[in-house]
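Following: one structure in structure tokens, then a few remarks.
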Amino acid sequence: MSKIEKNISSTIKKSSSGISKGGTSSRIAAMLIVLAGVISSSSSSAAVATTNLRGNNERATVGTARRAAVTPNLCEFSEEKENVYLPDTIEQFLSLQDAKNACDSDMNCGGVTLYNDNYETRKGGAGPCLLQSGAGASSWVCERSRPPRPQARPGQGPDVPDSETCWSRTRDITTVAPEEWEYFLRFQESRRNGFSSPCGDAWTGDPTCNDPAAGKNHWPPNPVKVVFDCKMWVAAYRHAEDQAIRGYFSHFGSTNGGTIPATSERDRSERVGAQSRGEHQAGRDSSALGALNGLQSSPGHSNSMMQPKYKGMAVAHGKPGKRGIWTVLYNFGGDMIVDSESCIPEGYTATGDLL
């Protein structure tokens, strides 16, 4: 078993032990008892709900059953907004009222979009996630108070301004996600061991190609470890999620149909109090290993990430949309990093070493 596999295995074990130490097991058990009572007392409603009928009477019954199980706050719907739509369809309905009733009962619903004569409940992400429509879509946005986003470690996480982009309601804003941390550990290992990047015209730095016969540029082992930058991580995940929700792939932020200026990676980092000096993105692979392998097979990306001048980085995986987006940011470390503690998974240092 490689060192990185041991690290990942250790993280899983620490996470498991942390649940019982924090007293979460007893709370989960209590919740399960309550849930069992709800299921037992609501069996007839559940049976009706599973029929998935679409008539008005049946829809009302289904909505009642859902409210009993979830008890969300009802939507305050906006007036019709023309030529805009919400991302990610949940269900389709024949009438606006049926769609609104369903949205009331689903805390993941961000509103209703009329598209091709269908009224569709849609997730919509959060933040300013209305997208410009070129096909005449209209939307009614659901406004209601929502539970705060999940926090694995309440009180932890970077202190940053509110997001000005689309973001996922399910993102833990306190701790780097497991697949993001796996990417970081794997990159750290390739840097520590040395790496042979492919040669190519996309890379013109020094050295250009020190093994032309093999078509490789050999980077020697680097003992200087990269430090994970927590504030830069926020800039990375906000851009990754905005792309995943809106359905685009670019180093520049969305202009929302020309209504807002595009942002660069430095703009997005400065907005959250970080400093970045380079960005890589991957949009085909959902796994950490797949994303890293994809970037390291590209001459420009692979050679640039191995440069010794980069001593700080952050990586994020945006996955609430139709495809996952990986965004990786780099800086020169030192004074450029102001927070390398608040988002680090428990049991690790900011350089990926086990405590």
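The values are calculated or read from the model by the stated rules, or taken from the named source; none is laboratory data. Everything numeric here is computed off the predicted structure, so don't read it as measured data. Reconstructed Cβ throughout: ideal geometry from the backbone, glycine too, with neighbour counts over all protein chains shown. All accessible areas refer to the heavy atoms of the entire protein, side chains included, with ligands and DNA or RNA removed. Shrake-Rupley method; radii C 1.70, N 1.55, O 1.52, S 1.80 Å.
Listed values, structure above:
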{"read-out": "Residue count, segment 106-118 (criterion: open to solvent by 80 Å² or more (accessible area, probe 1.4 Å) and modelled with pLDDT under 90)", "value": "1"}
{"read-out": "Candidate set: segment 208-238, residues that are among the charged types (D, E, K, R) and open to solvent by 20 Å² or more (accessible area, probe 1.4 Å); chosen: the one farthest from the chain's Cα centre (by Cα)", "value": "D211"}
{"read-out": "Segment 89-105: number of residues that are surrounded by fewer than 20 Cβ atoms within 10 Å (Cβ to Cβ) and not in a strand (DSSP E or B)", "value": "4"}
{"read-out": "Positions within segment 178-207 being crowded, with 16+ Cβ neighbours inside 10 Å, part of a loop (DSSP other than H, G, I, E, B) and at pLDDT 95 or above, in sequence order", "value": "C199"}
{"read-out": "Members of segment 312-341 that are crowded, with 17+ Cβ neighbours inside 10 Å and either part of a loop (DSSP other than H, G, I, E, B) or over 20 Å from the mean Cα position of the chain (by Cα) (or both)", "value": "G312, K319, P320, G321, G324, N331, G333, M336, I337, D339, S340"}
{"read-out": "Test result for R266, assigned to a helix (DSSP H, G or I), charged (D, E, K, R) and open to solvent by less than 30 Å² (accessible area, probe 1.4 Å)", "value": "no"}
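Let's see how each residue does on (1) in contact (Cβ under 8 Å) with a residue 40 or more places away in the chain; (2) in contact with a strand residue (DSSP E or B) (Cβ under 8 Å, 6 or more places away or on another chain); (3) within 22 Å of A244 (Cα to Cα):
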position: S287; (1), (2), (3): yes, no, yes
position: Q307; (1), (2), (3): yes, no, no
position: T327; (1), (2), (3): yes, yes, yes
position: M336; (1), (2), (3): yes, yes, no
position: I344; (1), (2), (3): yes, yes, no
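For every residue, the table says whether it meets (1) surrounded by 14 or more Cβ atoms within 10 Å (Cβ to Cβ); (2) modelled with pLDDT of 80 or more; (3) under 22 Å from the mean Cα position of the chain (by Cα).
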{"position": "T121", "(1), (2), (3)": "yes, yes, yes"}
{"position": "G136", "(1), (2), (3)": "no, yes, no"}
{"position": "R153", "(1), (2), (3)": "yes, no, yes"}
{"position": "G157", "(1), (2), (3)": "yes, no, yes"}
